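Visitor: To start, I am sharing the structure in question, which I have written as C-alpha cells.
No value in this document is a laboratory result; all are computed from the given coordinates. All figures in this text were calculated on a predicted structure; none of them were measured in a lab. Methodologically, a virtual Cβ is constructed for each residue, glycine included, from the backbone with ideal geometry; neighbour enumeration extends over all protein chains shown.
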Amino acid sequence: MPGLLGGGRGRLCPRAAGPPAAQLPECMLDKVGSWNFDIFLFDKLTNGKFMVARHGNSLITLTFHLLNQYGLVELFQLDMVKLWRFLVLVQEDYHSHNPYHNGMHAADVTQAMYCYMREPALSKYLTSCDLLIGLLAAVTHDLGHPGVNQPFLIKTDHYLATLYKYGLVELFQLDMVKLWRFLVLVQEDYHSHNPYHNGMHAADVTQAMYCYMREPALSKYLTSCDLLIGLLAAVTHDLGHPGVNQPFLIKTDHYLATLYKNHHWKSAVGLLRETELFSHLPPEDSLNMERQLGSLILATDISRQNEYLSRFRTHLDQEDLCLGHAQHRHFVLQASHTAPLTLPLEMALKCADICNPCRPWELSKQWSERVTEEFFHQGDVEKKHGLEVSPLCDRDTNTMGNIQIGFMTYVVEPLFSEWARFSDTRLSQTMLGHLGLNKASWGSLQQEQQQQQQQQQQQQQQQQQQQQASGAEEPAGARAAGTPGLGRSDPGATTATTGGAPPSPKDIPQGTRES
C-alpha cells in the first residue's frame, strides 16, 4: 500500500509507484467497465482520500486506475510523481462549486470513454497512443468550465468571451488546456494582496481594451493577430506588479528596478513558453507575436506618458495615420531604431490602463480608494525605513481628492481628449462626460472636507479663548495666594506648566506644516 507525502498547497504525491486506487473497495474498480457504474457512489467513496480536496477525488482515482489497467504508465514510462501532479492540477482546475461541469462529470465521461474504447468495432484498431490520448482527452475535455454557456460570457463581456467571439481559439488552433493553464498562471502571478495592481485590475483593463478595439476607427483595420495580441497584452500588462512604483524599487536596490515594465513583458513571454501556448506555430511567427506583445506592454509605462501623447497628437494633427499598414497599428522603430512611434493600438491600451476616472462614479470611486491605499502603504513603508517619501504616497500631506483631481487634470484628460479626436464616438463622449462629473465630485468632496477642517479649527480657537477668559476672571484672592511662589524656584509650578518634559515632535500639530 503506497504511502503519501505532503506537497505544496495541500497537494500530495505518491511515495511509491503503486496506484493509490488500491486503497478503494475492490468491488468498485472491478466494475469500472460496467455501464451501470455508479459514479456518484464512487465519488463519495473517494471523498477526502489522499487529502487532495474536500470534495470527491473520483477523477484522479479513476484515471490513475485506468492508465495502469492498460499498462500505459509502464509503456510510456510515465513518471509517477509527475503523473500524480498532473491529475491533481486537473482536478483542481475543475470548479467543484459547479453543479454539473465539475470533476465528477469529467470522471463520468472518462469512465464512459473507457467503455466505448473496449467495444470490438473500435478496440481492435486502437493503438496504445490512441488509448492514452483518448483517456486524457476525456479527463480534460471541460477543464476550467466556468459553469455558464458562451452566450452568457458574451453578454457579460467576460474575458473568455472575447477569445470565443472573435474565433481566435479556433483560428490560431489554441489548445484549450494550454490556454486555460496559461490564464491560471497569469492570475496567480498577479499579487492578490495588492489593493490595486492585482488580477481584477488586469481584468478591468482587458474589458476596456475589448471595448476600444470595437470602435469603428480601429476595428475595421485590426487583423486577427492584432486582436489576439491586444487582448493578451491587456491581460499581462502588469504581470507580477510588486505594488510599489519604480522610484521605490530604485531606492531599495530591488532587483526589479532595472526591469520594471520589461519585467511584465518578460514574465508574459515566460508563461507563454512555459505553457507552450504558441508552440504549434512556426518559430518566426511565435517570436514576432512575442515582440508585438512587448511593444504594447511597454507602451503602458506611465513615465513616458508625455512622449507617447505628444507623438500621437502630432500624427493626428498631420493626419498621416494609415491604419491599413501594420506598422501604423503597432510599434514602429525609426531609422535610429531607438525611438518608438506611438500609434492607436498602443494608445488604446494606454487608455484602458488608466480608464478608471472615466467609469461611472460608483465604480471610479472604488478604484480611487484602492490605488490611494496602495500609494499610502508604500509611503508608510518608506517612512518606517527612513526613506524619502515618494510623491502622492504621504498620507499626512495628501488626500484622495487632491490626488485624483491632479491625476485627472494632468494625465487622464489630455490622453482621452486626443483619443476622442481619433475616435469621436458615443463611447468617447461618454467617457469624457464621466471624467468631468467625477472630477467635479472630487472637487465637491474636497470643499466639504476643507469646511469641516475650518469648523474644527474654529471650535478649537473658541475653546482656547474660553479657557483664557476663565483664567483672566480668576479671583484676586486666588492670584494673591499664588504671589509668594513667584519669587522662588518652584519645581512644582514648573511641572504643572510643562507637564514634566518638553513636547516630542509627535506632539507638534501637523496642520501647520500643511498650511
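Visitor: Can you pick out the pairs among K31/K124; K178/K251; K155/K365; K155/K350 whose Cα atoms lie more than 31 Å from each other?
Guide: K178/K251
Visitor: Once both labels are modelled 7 Å past Cα along the beta-carbon direction, what's the E369-V81 spacing in nm?
Guide: Taking the simple label geometry, E369 and V81 are separated by 4.7 nm.
Visitor: Ok, one more. Using only Cα atoms, figure out Rg for the range 269-323 and give it as a multiple of 2.2 N^0.38 Å.
Guide: It is 1.56.
Visitor: Still on this structure, I have one more. Can you compute the FRET efficiency between L41 and K155 using 1/(1 + (r/R0)^6), with r the Cβ-Cβ distance and R0 = 45 Å? Round to the nearest 0.05.
Guide: For R0 = 45 Å, the calculated efficiency reads 0.75.
Visitor: If each residue of separation counts as 0.36 nm, what is the full-extension length gain between C322 and V148 once their alpha-carbon separation is subtracted?
Guide: Length gained between C322 and V148: 58.6 nm.
Visitor: Then there's this: I need the GluC sites (Glu not before Pro) found in the range 341-403, filtered to DSSP loop residues with at most 15 other beta carbons within 10 Å of theirs.
Guide: Those satisfying the criteria are E388.
Visitor: On a C-alpha basis, how far is the centre of the range 257-280 from the centre of the range 391-422 in Å? Whole number, if you could?
Guide: Computed from Cα coordinates, the inter-centre distance equals 30 Å.
Visitor: Okay, next question. Take the alpha carbon atoms of the range 141-287, find their radius of gyration, then divide it by 2.2 N^0.38 Å using N residues; give the quotient.
Guide: Working it through for the range 141-287, the quotient is 1.11.
Visitor: Restricting to DSSP loop positions (anything but H, G, I, E, B) with no more than 16 other Cβ atoms inside 10 Å of their own Cβ, which GluC sites (Glu not before Pro) remain in the range 228-301?
Guide: Those satisfying the criteria are E276.
Visitor: Additional query: Run the dipole for the range 179-319 about the Cα centre, Lys and Arg Cβ at +1, Asp and Glu Cβ at -1, nothing else charged, and hand back the magnitude in debye, nearest 20.
Guide: It comes to approximately 180 debye.
Visitor: Just the Kirkwood number for the range 76-195, please: inverse of mean 1/r across all distinct Cα pairs, in Å, one decimal.
Guide: Taking the inverse mean of 1/r over all distinct Cα pairs, the range 76-195 comes out at 16.6 Å.
Visitor: In terms of Cα to Cα distance under 12 Å, which aspartates and glutamates are near enough to K383, apart from those fewer than 8 places away along the same chain?
Guide: By straight Cα distance, K383 reaches D394, D396.
Visitor: Extension gain I133-S192, at 0.36 nm per residue separation less the Cα-Cα distance, in nm?
Guide: Working it through step by step, the gained length comes to 17.7 nm.
Visitor: Determine the equivalent ellipsoid of the range 337-396 by diagonalising the alpha-carbon gyration tensor, then write out the semi-axes as square roots of 5 times the eigenvalues, largest first, rounded to whole Å.
Guide: Working through the eigenvalues yields semi-axes of 29, 21, 6 Å.
Visitor: Just grab the label-to-label distance for L287 and Y255, each label 7 Å out from Cα along the Cβ direction, in nm (one decimal).
Guide: Using points 7 Å along Cα→Cβ, the separation is 2.7 nm.
Visitor: Can you list which of the chymotrypsin sites (Phe, Trp or Tyr not before Pro) found in the range 87-125 are DSSP loop residues with at most 14 other C-beta atoms within 10 Å?
Guide: Hits after loop and neighbour filter: Y100, Y125.
Visitor: What is the distance, in nm, between label points placed 7 Å from the Cα along the Cα-to-Cβ direction at R214 and at Y70?
Guide: With each label point 7 Å from Cα toward Cβ, the separation is 4.3 nm.
Visitor: Can you list, bin by bin at 5 Å, the percent of alpha carbon pairs in the range 62-134, starting at 0?
Guide: 3, 14, 23, 23, 19, 11, 6, 1
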